[in-house]
Amino acid sequence: MVEHILLRHRAIPGLDQIDTYRQNEGFLALRKVITSMDPDDVTNEVKASGLRGRGGAGFPTGMKWSFIDGHNWPHYVIANADESEPGTFKDREIMEGNPYQFLEGVTICAYAVKATDAYIYLRGEFWPIALKLDQCIAEMEAAGFLGEKLFGSNISIHLHTHLGAGAYICGEESALLDSIEGKLGQPRLRPPFPPAVGIYGKPTIVNNVETLTNVPFIINRGAAWYKGIGTEKSPGPKIFSLSGCINRPGNYELPLGTTFRELIMDHGRGIPGGHKIKAIMAAGASSSLIVANDEALNTPMDYESVPQLGAQLGSASIIVVDDSVNIPWLINKTVHFFTHESCGKCTPCREGTYWMMHLTERINHGKATMKDVELLHDVASQMKGKCLCALGEFSIEAVLSGIERFPADFESVTAKSNA
Amino acid sequence: MNGLLEKYPDEVQAILAKYPSDQAGKRSAVMPLMYLAQRQDGYVTKDAIGQIAEICEITVTEVASIIGFYSLYYDEPSGKYHVQVCTDLPCALRGAEQFLENLCQNLGIKVGETTADGMVKVEAVMCLAGCDKAPMFQVQSPEGLEYHENQTVESALEVINKLRQG
């Protein structure tokens, strides 16, 4: 059993209390950076650790921090706590169980990029968590870990929570920025990227909750120690949210590079009801469907290996699909989700998801022929590379891979109409 | 006369203080102010829309468009309690669709309808980040928002009956 770094609350009761957190290495990293490190040294340490964004894109975190535009002020930091991908429930556990480590990470990031204000954007359903974080922020201010003149320096950092209101698209970073600005949460055309032009037109670093929660440990124990976990190109621990047809669903913090087999068969204790595993979705509803053969199960879950299966690791929301599940039903579910959540700004996504929903509905209800399946494949293919943001691009992943990798399921569901 | 500002001066100031003091910052207060108004009336009233527009220095149309865009804001009254069951893929793989259907059958309503006493509206909603504890639902009420996880039809009916009593 590897030591937990992110889900430490499972071994340390009361870690969501500031005193307990302080007794367990809490705020040592924050003290260290403000009293003895230059902001750029902090960024360089994070860069050296190889930490990559845990929200889904896997972009190197330290590199992102180094892109902040030093000629335009003030700077902002935003923690993306919108967590709305079906199958993802890791940030919720971090914020409920280990909130101070997350908030310490946000504060260190603010110091590194010379921001005085940071916003934590939570999905509206996390209202009770926002209340909890507000209390934690107040405790940190009272203890001198947030506010003015931190540790006797001239550094001031303030954290604020901001609640979304039920829109998946606001997890997309540029839509999130517009949402905080009080506009419709719709993606922006990029470039410019947020480190150049972010919230209120100012340089902004947007990082996922899990990403930021790694930071205090990287500072405390050093980049070299951190690189000892995981693989060379994908270092560090990752929380895998395991759901679907599985005996023991839940969050599992494991080194990047752990195989699908170990997660699903050992930690998750396999498939219930005597069923066999059929497919794996590694990035929630945004996934391609991976055929769950031996090769796939033996594949390490990291940012380099999963693409070799024609899929992405994304936020590592592993949805397990067993042999009782019909793929036309499954893609109808995912398409329904994306149709509901499409923001309507760009035509390929708004229209494409709408027509994919009608087609998958017909196919799933056995009222379609293979010609309709071909049409669905055609619609999805035409959306590819043409959407304004990743939502539209993700909406076709399960559709295309489902049709291409599980053709028998579509033949059987259309058999009656074909005849 | 701004009713919202008059009734909740401290809350409104605390919300505005989170954002820059210029006009762009004031506009950021629109979402939290909408929650404040909704907590009071169960939905964002026409009057509240006007008051929020005034505080944020934007038009009434802009405020109204935000209500329409997000699914947690309401511009008309509905059931006092919203029981919102997630039926997205991970929950559906753990029986959430059957759970919702049986629950509604027991309440004598269809999905999306409100119980005869007008107290509880039962809806299917998108992912709530409770995938490992499905079937699950959230209860949205004037008092706030509450998760109920690892549910059976029986345990859900118990929760709903409590809501209907008070």
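Name the helices (runs of 4 or more DSSP H) wholly within region B:1-58 that hold at least 3 residues that are crowded, with 17+ Cβ neighbours inside 10 Å and at the interface with chain A (Cβ under 10 Å from one of its Cβ atoms)?
Values: elements: B:3-7, B:9-17, B:23-27, B:30-41, B:46-56.
Filter on region B:1-58 gives B:23-27, B:30-41.
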* Asked: Which of the residues spanning region A:312-349 are farther than 21 Å from B:Val125 by Cα and among the polar types (S, T, N, Q)?
  -> A:Gln312, A:Ser315, A:Ser324, A:Asn326, A:Thr347
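Any chance you could count how many residues in region A:32-81 are among the β-branched types (Val, Ile, Thr) and within 17 Å of A:Thr213 (Cβ to Cβ)? Walk me through it before giving the result.
Looking only at region A:32-81, we keep the residues that are among the β-branched types (Val, Ile, Thr), and these are A:33-35, A:42-43, A:46, A:61, A:68, A:77-78.
Now restrict to residues that are within 17 Å of A:Thr213 (Cβ to Cβ): A:33, A:42, A:46, A:61, A:77-78.
Residues in region A:32-81 being among the β-branched types (Val, Ile, Thr) and within 17 Å of A:Thr213 (Cβ to Cβ): 6 in total.
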* Looking at (1) among the hydrophobic types (A, V, I, L, M, F, W, C); (2) in a helix (DSSP H, G or I); (3) touching a Ser or Thr at 6+ places or on another chain (Cβ under 7 Å); (4) more than 28 Å from A:Gly236 (Cα to Cα), which is the one condition that is false for A:Ala380? -> (3)
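Can you tell me which residue in region A:162-197 is surrounded by the fewest Cβ atoms within 10 Å (Cβ to Cβ), limited to those that are more than 8 Å from chain B (Cβ to nearest Cβ) and among the small types (Gly, Ala, Ser)?
To start, the set of residues in region A:162-197 that are more than 8 Å from chain B (Cβ to nearest Cβ) comprises A:169-178, A:186-197.
From the residues that got through so far, the ones that are among the small types (Gly, Ala, Ser) too are A:171, A:174-175, A:196.
On the way: A:Gly171: 27, A:Ser174: 22, A:Ala175: 25, A:Ala196: 17.
Here the residue is A:Ala196.
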* So is A:Leu15 in contact with an Asp or Glu (Cβ under 7 Å, 6 or more places away or on another chain), assigned to a loop (DSSP other than H, G, I, E, B) and in contact (Cβ under 8 Å) with a residue 60 or more places away in the chain or not? -> no
* Asked: Restricting region A:58-91 to residues that are among the small types (Gly, Ala, Ser) and outside any strand (DSSP E or B), which is farthest from the other protein chains (Cβ to nearest Cβ)?
  -> A:Gly62
* Only one of these is away from every other protein chain (no Cβ under 14 Å), β-branched (Val, Ile, Thr) and either over 16 Å from A:Ala118 (Cα atoms) or touching a helix residue (DSSP H, G or I) at 6+ places or on another chain (Cβ under 7 Å) (or both): A:Val215, A:Val209. Name it. => A:Val215
* To do: Select from region A:121-135 the residues that are away from chain B (no Cβ under 11 Å) and within 25 Å of A:Lys64 (Cβ to Cβ) and list them in ascending order.
  => A:Leu133
* Asked: Can A:Ile363 be described as β-branched (Val, Ile, Thr), assigned by TED's automatic domain parsing to the domain that holds A:Leu256 and not in a loop (DSSP other than H, G, I, E, B)?
  -> no
* Given region B:84-166, what helices (runs of 4 or more DSSP H) lie entirely inside it while holding 1 or more residues that are within 14 Å of another protein chain (Cβ to nearest Cβ)? -> B:89-92, B:96-107
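The values are calculated or read from the model by the stated rules, or taken from the named source; none is laboratory data. Because the structure is a prediction, the values reported are computed rather than measured. Because the Cβ atoms are built from the backbone with ideal geometry, glycine has one as well, and the counts that use them run over all protein chains shown.
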